[in-house]
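**Q** Got a structure for you, questions after.
The values are calculated or read from the model by the stated rules, or taken from the named source; none is laboratory data. Since the model is a prediction, treat every value here as computed from it, not as a measurement. Here the Cβ positions follow ideal geometry from the backbone for every residue, glycine too, while neighbour counts run over all protein chains shown. The accessibility values were calculated without ligands, DNA or RNA, using every heavy atom of the protein model including side chains. Shrake-Rupley method; radii C 1.70, N 1.55, O 1.52, S 1.80 Å.
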Amino acid sequence: MERVVVTGLGTLNATAKSAPGFAQALREGRCGIGPFSVFDPSTFRTQIAAEVKDFNPRDHIPRPYPIKRMSRADLLGFAATLEALQDAGLAPFPPELAEETGVVIGGGGGGLLEGERFYGEYLRTEGRLARFSALSAVYCASSADRIAALLGLWGPKTTFMTACSSGATAIGYARDLIRGGTAPVVIAGGTEPLCRITYAAFNALQAVDLEPCKPFAGNRAGLSLGEAAGILVLESLRHARARGARIYAEVLGYGVTCDSHHMTAPDPEASGAVRSMREALRDAGVSAERVDYVNAHGTATPANDAMESRAIRHVFGDRAGRIPVSSTKSMTGHTLGASGALEAVASVLAIRHRFIPPTIHCTVPDPECDLDYVTEGAREADLSVILSNSFAFGGNNTSLVIGRFDGGKG
Amino acid sequence: MDRRVAITGIGIVSPLGSGREAFGKALLAGQSGIAPLAAFSAEAFPCRLAAEIRDFQARDFVSIKNLRRMDRLSAVTTAAARMALDDAGLAITPANRDRTGMILGTAWGGTDVTVSFARVLVTEGPGSVNPILVPNVVMNAPAGHASIELGFRGINTTVNHYSVSAESALAYGAREIRRGAADVLLAGGADVLAPFYFESLTRFKALSPLQGGGSEGARPFDLRRNGPVAGEGCGILCLEPLEAARERGATVYAEITGSGMASSPAPMTGWPDGPRGFILAARRALKAAGCTPEEVDIVFAAASGGLQPDLLEAEGLERIFGTDGKRPLVTALKGALGENFTSGGMRAAALALALRDGVVPPTLGLEEPVRPLSVVVGQSVRGAFRRGLLNGISHGGTYVSLLFSSVEEES
């Protein structure tokens, strides 16, 4: 079995448009949630979101890459991919790696932002004047297709769509492809655009806070929606070493479970969350004692944060109160299909730059949330094993275990 | 350490009826699921045919309480999942539920729900949208509903990559059983027809008769092919470790011995130029299964009647298996099932049955093949088939092939 390491990172999110910028933002506890312009929210109950501000695709995707008809999700995903490849020392992409390099993306809204514009036109003109080519990228598989096509890749390619756990599942699955020898290098991650359909859906469920979200706080009142792309270059240790790549961290394992409880509400018993964390640790071959930071799902909905705190207590027992737990969604917003990947990027940055990102806006305590949420600001720490949670609609849970690369044998 | 992967149950909701028996019989008898579209009007379009689900009552398989919360796609999926479990003779219990799960491929999800939601949002504004619709807008709704109805709590995930979604889900399922991440997985694909989705396919000129050339019909691998006929349906396989299946005395239809995935550069919504990506995926599947091309007896093709994909698959098959000597029999079931984009689940079920029963169903709609392949036409063909290749090919250049093997009776 191959060991799987992270050799490149790329991200665009509401706090930063690069991985180094994201590290800085996480350390400063910078909030990316606020007024936004991707669409006009004036008719909605809430008016804020975590937007990738002033996103000009050509700042990130040089010519001659053709970008016509790509959705915002595709563009964010490809921009983050180019950054991750550059970071990994794989730019321009080496032709000899093209045949076997894979792409695994966790998606969400895909091209719904463009799709809903089209649909408005379609309804207004009773179908006559609408150009259906506007729907070319409406499904989230488009992002992986564009990455593979623009880079000329021939390896395995797939897209997961499990709402808020898509990105984490994509990374776990990509790790398996490498571990089992199917591909030596996989571009893995997630991408999610802000769009009215998603924004309306979460508003209809009354799951959105009027203010920037306050994970684990007693006065938390829902999530803040966001958009982002988070991409990791994953590679077998052997491959990374052979080409002298810089190794940021190791993907140790993952677990996927389901609640079998309710489509949108988490199981108050927290069974699915407990089992996904345990399965990830089992898969990683790491005992719960070795985990020194939990990057929480932490959406700031009343139900999730209480449930997740309970689940963490269950998995870590007496030690739970001494393990730092934080929600980077307090800064990036909830980026849905991208969130698991974005939080994997945050976890790798935390290992590399030796700090724990804070939970911001968490000032009012909640007796149901009684763990150490790193509310005072980023904390210096030498992290060796991080557990990162992603829990989704449909009761889909994914936990990832990411560790400091300890040298050792490949 | 790796475990062998057995197919022990089959669940089908299809244009050829529900359940493995009706489906298998109809395929072997050469019946077509294609007929004039009945569920909604297609008068405005050049495409009037479709392969619609028939002989299916969701109530027979899904509790009324849960059914009320489901869209049609979720109901179809949940019903097929229950059939697969029942067929495998498995009951979900507190002892096995945490190691039982589902990996579903859906190409389009519940398009009807998304369109209803978007219509209200666009015409009446965000204050009027119905929160009840929200869960079913998301692609992972069917697998989530199935888990709630059936009570399994293990791996649950949804692959959403166009017309290789089902094959990808099967490959993922087999991988997870093999490495021991789960003990029972329901894997396959589901998609259903709906008005806006059907209109989109016609407006993308994705269906026969394309832009009006020739008469409408599904003609896989045929020289006169002019696009696929839209279809719908769901095929779910129950996967278990072979050893566990044998221990509990389960029927084993076939074994999944390997899978291969590949990509190729292709234009957005278009097809790649040549067969290289498909050849890579098929050869990777053979390699993973430790099998030579000469050892493959049957091929269940992805061909649907599409101009480019059928040609690239035919060229690829020639390159992999040669043009003379022993070549596998080929069948293209989309001639009977139409193109539902996740027919991989149904075709996988048909392949498993063919390996168990030693009989391959015919390809409908084929008269003059685009390449000299050994395609089964007219009547089903009997034989002792040991190994079969299942192909999935998608626009945008994505390929998944799986290798299935027949299982010897335990001596």
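**Q** Applying the selection to region A:259-271, what residues are within 24 Å of B:I132 (Cβ to Cβ), touching a helix residue (DSSP H, G or I) at 6+ places or on another chain (Cβ under 6 Å) and either open to solvent by less than 30 Å² (accessible area, probe 1.4 Å) or not assigned by TED's automatic domain parsing to the domain that holds A:A346 (or both)?
**A** A:D259, A:S260, A:M263
**Q** Now for a separate question. Name the one entry in A:V286, A:V256 that is of a type outside the set (D, E, K, R), crowded, with 20+ Cβ neighbours inside 10 Å and modelled with pLDDT of 95 or more. Talk me through it step by step, then tell me what you get.
**A** Numbers: A:V286 fails: crowded, with 20+ Cβ neighbours inside 10 Å.
Among A:V286, A:V256, only A:V256 is of a type outside the set (D, E, K, R), crowded, with 20+ Cβ neighbours inside 10 Å and modelled with pLDDT of 95 or more.
**Q** Does at least one position in region B:336-353 carry a residue that is among the polar types (S, T, N, Q), open to solvent by 10 Å² or more (accessible area, probe 1.4 Å) and touching a residue at least 12 places away in the same chain (Cβ under 8 Å)? Show your work before the answer.
**A** Keep residues of region B:336-353 that are among the polar types (S, T, N, Q), which gives B:340, B:342-343.
Keeping just the survivors that are open to solvent by 10 Å² or more (accessible area, probe 1.4 Å) gives none.
Within region B:336-353, none of the residues are among the polar types (S, T, N, Q), open to solvent by 10 Å² or more (accessible area, probe 1.4 Å) and touching a residue at least 12 places away in the same chain (Cβ under 8 Å).
**Q** Taking the stated definitions as given, is A:G155 more than 8 Å from chain B (Cβ to nearest Cβ) and modelled with pLDDT of 95 or more? Before the answer, list the steps.
**A** On the way: more than 8 Å from chain B (Cβ to nearest Cβ): no; modelled with pLDDT of 95 or more: yes.
No: the conditions fail for A:G155.
**Q** Out of the residues in region B:252-280 that are open to solvent by 40 Å² or more (accessible area, probe 1.4 Å) and touching a residue at least 60 places away in the same chain (Cβ under 8 Å), which is farthest from the other protein chains (Cβ to nearest Cβ)? Give the steps one after another, and end with the answer.
**A** Start the filter on region B:252-280 by keeping residues that are open to solvent by 40 Å² or more (accessible area, probe 1.4 Å), which leaves B:265, B:267, B:269, B:271, B:273, B:276.
Checking which are touching a residue at least 60 places away in the same chain (Cβ under 8 Å) leaves us with B:265, B:269, B:271.
Details: B:P265: 4, B:T269: 5, B:W271: 12 Å.
Filtering region B:252-280 for residues that are open to solvent by 40 Å² or more (accessible area, probe 1.4 Å) and touching a residue at least 60 places away in the same chain (Cβ under 8 Å), the one farthest from the other protein chains (Cβ to nearest Cβ) comes out as B:W271.
**Q** Follow-up. State which residue pairs qualify: first residue more than 17 Å from B:V138 (Cβ to Cβ) and inside region B:64-76, second residue surrounded by fewer than 24 Cβ atoms within 10 Å (Cβ to Cβ) in any location, beta carbons under 6 Å apart, and separation of 6 or more residues or different chains.
**A** B:L67/B:A58
**Q** How many residues does region A:319-351 contain that are outside any helix (DSSP H, G or I) and either open to solvent by 10 Å² or more (accessible area, probe 1.4 Å) or farther than 17 Å from A:P215 by Cα (or both)?
**A** As a first pass, look at region A:319-351 and keep what is outside any helix (DSSP H, G or I): A:323-328, A:333-335.
Now narrow it down to the ones that are either open to solvent by 10 Å² or more (accessible area, probe 1.4 Å) or farther than 17 Å from A:P215 by Cα (or both): A:324.
Summing the residues that are outside any helix (DSSP H, G or I) and either open to solvent by 10 Å² or more (accessible area, probe 1.4 Å) or farther than 17 Å from A:P215 by Cα (or both) in region A:319-351 gives 1.
**Q** Give me the residue from region A:372-407 that is more than 14 Å from every other protein chain (Cβ to nearest Cβ) and modelled with pLDDT under 95 and, out of that set, farthest from the chain's Cα centre (by Cα).
**A** So the residue we want is A:G407.
**Q** Among (1) under 22 Å from the mean Cα position of the chain (by Cα); (2) without any contact (Cβ under 8 Å) to a residue 40 or more places away in the chain, there is one condition B:A79 misses while meeting the rest; what is its number?
**A** Every condition holds for B:A79 apart from (2).
**Q** Among the candidates B:V360, B:V381, B:V377, B:V370, which residue alone is hydrophobic (A, V, I, L, M, F, W, C) and either buried (at least 23 other Cβ atoms within 10 Å of the Cβ) or free of Cβ contacts under 8 Å to residues at least 12 places away in the same chain (or both)? Quick ask: steps written out before the conclusion?
**A** Working: B:V381 fails: either buried (at least 23 other Cβ atoms within 10 Å of the Cβ) or free of Cβ contacts under 8 Å to residues at least 12 places away in the same chain (or both); B:V377 fails: either buried (at least 23 other Cβ atoms within 10 Å of the Cβ) or free of Cβ contacts under 8 Å to residues at least 12 places away in the same chain (or both); B:V370 fails: either buried (at least 23 other Cβ atoms within 10 Å of the Cβ) or free of Cβ contacts under 8 Å to residues at least 12 places away in the same chain (or both).
After applying the criteria, what remains is B:V360.
**Q** Could you say whether any residue in region B:24-45 is in contact with a Ser or Thr (Cβ under 6 Å, 6 or more places away or on another chain), surrounded by 15 or more Cβ atoms within 10 Å (Cβ to Cβ) and of a type in the set (V, I, T)?
**A** Narrowing region B:24-45 to residues in contact with a Ser or Thr (Cβ under 6 Å, 6 or more places away or on another chain): B:28, B:45.
Now restrict to residues that are surrounded by 15 or more Cβ atoms within 10 Å (Cβ to Cβ): B:28.
Keeping just the survivors that are of a type in the set (V, I, T) gives none.
Checked against the condition, which is being in contact with a Ser or Thr (Cβ under 6 Å, 6 or more places away or on another chain), surrounded by 15 or more Cβ atoms within 10 Å (Cβ to Cβ) and of a type in the set (V, I, T), region B:24-45 yields no hits at all.
**Q** Give region A:59-80 a look and list any residue that's at negative phi, open to solvent by 30 Å² or more (accessible area, probe 1.4 Å) and part of a loop (DSSP other than H, G, I, E, B), or say none.
**A** Filtering region A:59-80 for residues at negative phi gives A:59-68, A:70-80.
Now restrict to residues that are open to solvent by 30 Å² or more (accessible area, probe 1.4 Å): A:59-60, A:62-68, A:72.
Within region A:59-80, A:P62, A:R63, A:P64, A:Y65, A:P66, A:I67, A:K68 meet the criteria.
**Q** Conditions first: (1) of a type outside the set (K, R); (2) over 17 Å from A:G230 (Cβ atoms); (3) facing another protein chain (nearest Cβ under 7 Å). A:V185 passes all but one, so which condition is the exception?
**A** (3)
Residue by residue, here is whether (1) at the interface with another protein chain (Cβ under 9 Å from one of its Cβ atoms); (2) open to solvent by 10 Å² or more (accessible area, probe 1.4 Å); (3) free of Cβ contacts under 8 Å to residues at least 40 places away in the same chain holds:
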site	(1), (2), (3)
B:W108	yes, yes, no
B:R119	yes, yes, yes
B:E124	no, yes, yes
B:M139	yes, yes, yes
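**Q** Condition check: closer than 22 Å to B:T158 by Cα, more than 7 Å from every other protein chain (Cβ to nearest Cβ) and open to solvent by less than 10 Å² (accessible area, probe 1.4 Å). Does B:L104 satisfy that?
**A** Working: closer than 22 Å to B:T158 by Cα: yes; more than 7 Å from every other protein chain (Cβ to nearest Cβ): yes; open to solvent by less than 10 Å² (accessible area, probe 1.4 Å): yes.
Considered against the rule, which asks whether it is closer than 22 Å to B:T158 by Cα, more than 7 Å from every other protein chain (Cβ to nearest Cβ) and open to solvent by less than 10 Å² (accessible area, probe 1.4 Å), B:L104 comes out as yes.
**Q** Hey, can you tell me all the residues within region A:254-298 that are more than 10 Å from chain B (Cβ to nearest Cβ), under 20 Å from A:L234 (Cβ atoms) and in contact with an Asp or Glu (Cβ under 7 Å, 6 or more places away or on another chain)?
**A** Answer for region A:254-298, where residues must be more than 10 Å from chain B (Cβ to nearest Cβ), under 20 Å from A:L234 (Cβ atoms) and in contact with an Asp or Glu (Cβ under 7 Å, 6 or more places away or on another chain): just A:N295.
**Q** Can A:A229 be described as within 14 Å of chain B (Cβ to nearest Cβ), closer than 22 Å to A:F36 by Cβ and crowded, with 22+ Cβ neighbours inside 10 Å?
**A** Working: within 14 Å of chain B (Cβ to nearest Cβ): no; closer than 22 Å to A:F36 by Cβ: yes; crowded, with 22+ Cβ neighbours inside 10 Å: yes.
So A:A229 does not fit the description; no.
**Q** Only one of A:N56, A:N13 is surrounded by fewer than 18 Cβ atoms within 10 Å (Cβ to Cβ) and assigned by TED's automatic domain parsing to the domain that holds A:T182; which?
**A** Values: A:N13 fails: surrounded by fewer than 18 Cβ atoms within 10 Å (Cβ to Cβ).
Being surrounded by fewer than 18 Cβ atoms within 10 Å (Cβ to Cβ) and assigned by TED's automatic domain parsing to the domain that holds A:T182 holds for just one of A:N56, A:N13, which is A:N56.
**Q** Would you check if B:I155 is over 30 Å from B:A50 (Cα atoms), of a type in the set (V, I, T) and facing chain A (nearest Cβ under 7 Å)? I'd like the intermediate steps shown before the answer.
**A** Working: over 30 Å from B:A50 (Cα atoms): yes; of a type in the set (V, I, T): yes; facing chain A (nearest Cβ under 7 Å): yes.
Answer is yes for this residue.
**Q** Test B:T292 against the criterion of being among the polar types (S, T, N, Q), within 21 Å of A:T182 (Cβ to Cβ) and free of Cβ contacts under 8 Å to residues at least 60 places away in the same chain, and give yes or no. First the steps, then the outcome.
**A** Details: among the polar types (S, T, N, Q): yes; within 21 Å of A:T182 (Cβ to Cβ): yes; free of Cβ contacts under 8 Å to residues at least 60 places away in the same chain: yes.
Here the answer is yes, as B:T292 does meet what is asked.
**Q** Which condition does B:E247 not pass, out of (1) surrounded by fewer than 24 Cβ atoms within 10 Å (Cβ to Cβ); (2) modelled with pLDDT of 95 or more; (3) farther than 28 Å from A:Y254 by Cβ; (4) within 22 Å of the chain's Cα centre (by Cα), if it passes all the others?
**A** B:E247 satisfies all of (1) surrounded by fewer than 24 Cβ atoms within 10 Å (Cβ to Cβ); (2) modelled with pLDDT of 95 or more; (3) farther than 28 Å from A:Y254 by Cβ; (4) within 22 Å of the chain's Cα centre (by Cα) except (4).
**Q** Taking the condition of being touching a Pro at 6+ places or on another chain (Cβ under 7 Å), of a type in the set (D, E, K, R) and over 30 Å from B:A288 (Cβ atoms), how many residues in region B:2-60 meet it?
**A** Final tally of qualifying residues: 3.
**Q** Do the conditions hold for A:A338, that is, is it in contact with a Ser or Thr (Cβ under 9 Å, 6 or more places away or on another chain), away from chain B (no Cβ under 14 Å) and not β-branched (V, I, T)? Please lay out each step first, then the result.
**A** Numbers: in contact with a Ser or Thr (Cβ under 9 Å, 6 or more places away or on another chain): yes; away from chain B (no Cβ under 14 Å): yes; not β-branched (V, I, T): yes.
For A:A338, the condition - in contact with a Ser or Thr (Cβ under 9 Å, 6 or more places away or on another chain), away from chain B (no Cβ under 14 Å) and not β-branched (V, I, T) - is met.
Conditions tested, residue by residue: (1) outside the structural domain of A:S165 (by TED's automatic domain parsing); (2) open to solvent by 20 Å² or more (accessible area, probe 1.4 Å); (3) in a loop (DSSP other than H, G, I, E, B).
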residue: A:G108; (1), (2), (3): no, no, yes
residue: A:G115; (1), (2), (3): no, no, no
residue: A:G120; (1), (2), (3): no, no, no
residue: A:R128; (1), (2), (3): no, yes, yes
residue: A:A134; (1), (2), (3): no, yes, no
residue: A:A137; (1), (2), (3): no, no, yes
residue: A:S142; (1), (2), (3): no, no, no
residue: A:D145; (1), (2), (3): no, no, no
residue: A:A148; (1), (2), (3): no, no, no
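**Q** While we're here: Does B:L329 satisfy the condition of being hydrophobic (A, V, I, L, M, F, W, C), under 11 Å from B:F221 (Cβ atoms) and open to solvent by 10 Å² or more (accessible area, probe 1.4 Å)?
**A** Numbers: hydrophobic (A, V, I, L, M, F, W, C): yes; under 11 Å from B:F221 (Cβ atoms): no; open to solvent by 10 Å² or more (accessible area, probe 1.4 Å): yes.
In short, no.
**Q** How many of the residues making up region A:158-182 are in a helix (DSSP H, G or I) and within 11 Å of chain B (Cβ to nearest Cβ)? Talk me through it step by step, then tell me what you get.
**A** Let us first name the residues in region A:158-182 that are in a helix (DSSP H, G or I), namely A:163-179.
Okay, now just the ones that are also within 11 Å of chain B (Cβ to nearest Cβ), so A:163-166, A:168-170, A:172-173, A:176-177, A:179.
Matching residues across region A:158-182 total 12.
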